[in-house]
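Presented below is the structure to which this report refers.
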Amino acid sequence: MPGILQRYVAGEVLRAFLLALLTITTVIVLFMVMIEAAKMGLTPREILNLVPYVIPGSLPYTIPVSLLFSVTVVYGRLASDNEVIAVKTAGLSAWTVLRPSVVLGFGLSALMLYLSWAPIPRANNLAKLMVFKNMEEMFYKFLKRDREFNNPRWPFLIKVRDVEGKVMLGPTFKQRGRDPKNPTQFGMIVQAQRATLHFDTEHSNARVYLDRAEVQRIGPQDDVVIVNDKYLDIPIPNDNKLLLEKRIQERTTSELVEEQATFRWLMAQERKRQAMAAALWIGSGRINRVSWDQVQRSFLDYGTWDMRWKEYETEKHLRIAMSCGSFFFVMLGAPVGILFARRDFLSAFISCFVPIIILYYPLTLLGVNLSKEGLLNATLALWSGNAVLAVLTGLVLPSVMKH
């Protein structure tokens, strides 16, 4: 059972941590939500609904910094009041004072590891679903943000000058050609002054109402037709996940592992399967039956599968490394706070935070890029930042532990 001193230190650190976490999380979440609101044109109600789903995604960044701030404040004050010296004079190790924060850092790292496994990715996905409640709203928000809707699965490429509510101003609709390998070839171009679009998901159809439109057909006999108050029907895929394919950050770790297993199987089997099928047709003298496009596709897709596998592997190790960052932040911040031994907590905090800004996060970003490119093992690449913090801890901790 922890003694009075350890309970006192734990209470002080926890109080400072919760206050810092509330402040930093509020600032970061408001900043993130305001950026999204300005970009997507969200209403105040949508902003309020979005906030609870944005908070979990900010925790991997706010918890370590809040913990670093709290330990530098508390241990700096304890050292300035000579309480650490009193502990050593009583024959106790400085570890007696440090233990509560180390336990807290370890516990928060375990909590972050659990949250990053599934709850945070699910919250990220729910945040997107909250913004894009239905296909029609989702379409207009994408169009307002990008001034373009270019999904290869849609038969039309849509560009607009601007969007007012659910009215497209100066829209251009370009119908894709029938050759899926050449998505930039168009068979018809429709330009209008204004247009509105309504989805009929039951019939897998989107109907566009045109105002003062000009239709140009591209082909051997080009012609231009002027139409007014007419509509254009656009067939759409019959699944509602058209625009909601999960990003890597929205996939749980279990989903990443399953996808990686699929990619490994495809990389191991697909090229062999296509090569064996081609060899059998050639061996039987029916070379005209060989699906050369499938053979070529399997070799081209291999690079895509390998790239996706590396991206998923990087994301898995990034979550683990970022989760364990809280522990290393404590191991560095607490000794530095004691060494500074002053009530001026800001100087101690900055002395810890500057190496983190200069080394930890840049090394983490560099590790992400190196791991995705396959230039460095994901474990080595993503743990380089934590390794630097461990080295810095090894430089400052012995001075604190000495009697």
Yes or no: the range 73-81 includes at least one residue that is in a loop (DSSP other than H, G, I, E, B) and under 17 Å from Ala334 (Cβ atoms). yes
Could you please tell me which pairs satisfy a Cβ distance under 8 Å, a separation of 6+ or placement on different chains, a first residue in the range 151-176 that is under 13 Å from Ala213 (Cα atoms), and a second residue that is among the hydroxyl-bearing types (Ser, Thr, Tyr) and outside any loop (DSSP other than H, G, I, E, B)? Met168/Thr196
Among the residues of the range 338-349, is any free of Cβ contacts under 8 Å to residues at least 24 places away in the same chain and not charged (D, E, K, R)? yes
Candidates Arg45, Arg99, Arg77 - the one that is among the charged types (D, E, K, R) and within 30 Å of Asp162 (Cα to Cα): Arg45
Scanning the range 178-204 residue by residue, those under 22 Å from Tyr140 (Cβ atoms) and either among the aromatic types (Phe, Trp, Tyr) or modelled with pLDDT under 75 (or both) turn out to be Phe199, Asp200, Thr201, Glu202, His203, Ser204
Counting only residues that are out of contact with any helix residue (DSSP H, G or I) (no Cβ under 9 Å at 6 or more places or on another chain) and within 27 Å of Phe329 (Cβ to Cβ), how many does the range 28-56 have? 2
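Name the residue, out of Thr43, Thr26, Thr62, that is under 25 Å from Tyr140 (Cβ atoms), of a type in the set (Ser, Thr, Tyr) and assigned by TED's automatic domain parsing to the domain that holds Ile120.
Checking each option against the conditions leaves just Thr43.
Against the condition more than 29 Å from Tyr53 (Cβ to Cβ), at pLDDT 70 or above and surrounded by 14 or more Cβ atoms within 10 Å (Cβ to Cβ), how does Leu232 come out, does it pass?
For Leu232, the condition - more than 29 Å from Tyr53 (Cβ to Cβ), at pLDDT 70 or above and surrounded by 14 or more Cβ atoms within 10 Å (Cβ to Cβ) - is met.
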With criteria (1) of a type in the set (A, V, I, L, M, F, W, C); (2) part of a helix (DSSP H, G or I); (3) surrounded by fewer than 18 Cβ atoms within 10 Å (Cβ to Cβ), Ala381 comes up short on (3)
Report every pair of residues separated by at least 6 positions or lying on different chains whose Cβ atoms are under 6 Å apart, first residue within the range 386-402 and within 18 Å of Ala79 (Cβ to Cβ), second outside any helix (DSSP H, G or I). Val400/Ala94; Met401/Ala94
Restricting the search to the range 28-55, which residues are free of Cβ contacts under 8 Å to residues at least 60 places away in the same chain and over 23 Å from Arg319 (Cα atoms)? Leu30, Met34, Ile35, Ala37, Ala38, Thr43, Pro44, Arg45, Ile47, Leu48
Residue by residue through the range 332-354, note down the ones that are buried (at least 23 other Cβ atoms within 10 Å of the Cβ), at pLDDT 80 or above and aliphatic (A, V, I, L, M). Leu332, Ala334, Val336, Ile338
How many residues of the range 87-99 are assigned to a helix (DSSP H, G or I) and either surrounded by 14 or more Cβ atoms within 10 Å (Cβ to Cβ) or without any contact (Cβ under 8 Å) to a residue 24 or more places away in the chain (or both)? The answer is 7
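Going by the structure shown, is Val102 in contact with a Phe, Trp or Tyr (Cβ under 8 Å, 6 or more places away or on another chain), part of a helix (DSSP H, G or I), assigned by TED's automatic domain parsing to the domain that holds Thr23 and in contact (Cβ under 8 Å) with a residue 40 or more places away in the chain? Please lay out each step first, then the result.
Details: in contact with a Phe, Trp or Tyr (Cβ under 8 Å, 6 or more places away or on another chain): yes; part of a helix (DSSP H, G or I): yes; assigned by TED's automatic domain parsing to the domain that holds Thr23: yes; in contact (Cβ under 8 Å) with a residue 40 or more places away in the chain: yes.
Answer is yes for this residue.
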Looking at the range 113-147, which of its residues are out of contact with any Gly (no Cβ under 7 Å at 6 or more places or on another chain), charged (D, E, K, R) and closer than 14 Å to Leu197 by Cα? Glu136, Glu137
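For Ser58, are the conditions met, namely being touching a residue at least 60 places away in the same chain (Cβ under 8 Å), of a type outside the set (D, E, K, R) and either assigned to a helix (DSSP H, G or I) or surrounded by fewer than 15 Cβ atoms within 10 Å (Cβ to Cβ) (or both)?
no
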Mind listing whichever residues of the range 53-86 are touching a Leu at 6+ places or on another chain (Cβ under 7 Å) and among the aliphatic types (A, V, I, L, M)? Leu59, Ile63, Leu67, Val84
Residues Thr62, Thr89: which one is hydroxyl-bearing (Ser, Thr, Tyr) and over 30 Å from Ala37 (Cα atoms)? Thr89
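The values are calculated or read from the model by the stated rules, or taken from the named source; none is laboratory data. Predicted model only: the values in this text are computed from it and were never measured. Don't worry about glycine lacking a Cβ; one is built from the backbone with ideal geometry, like all the others, and counts go over all protein chains shown.
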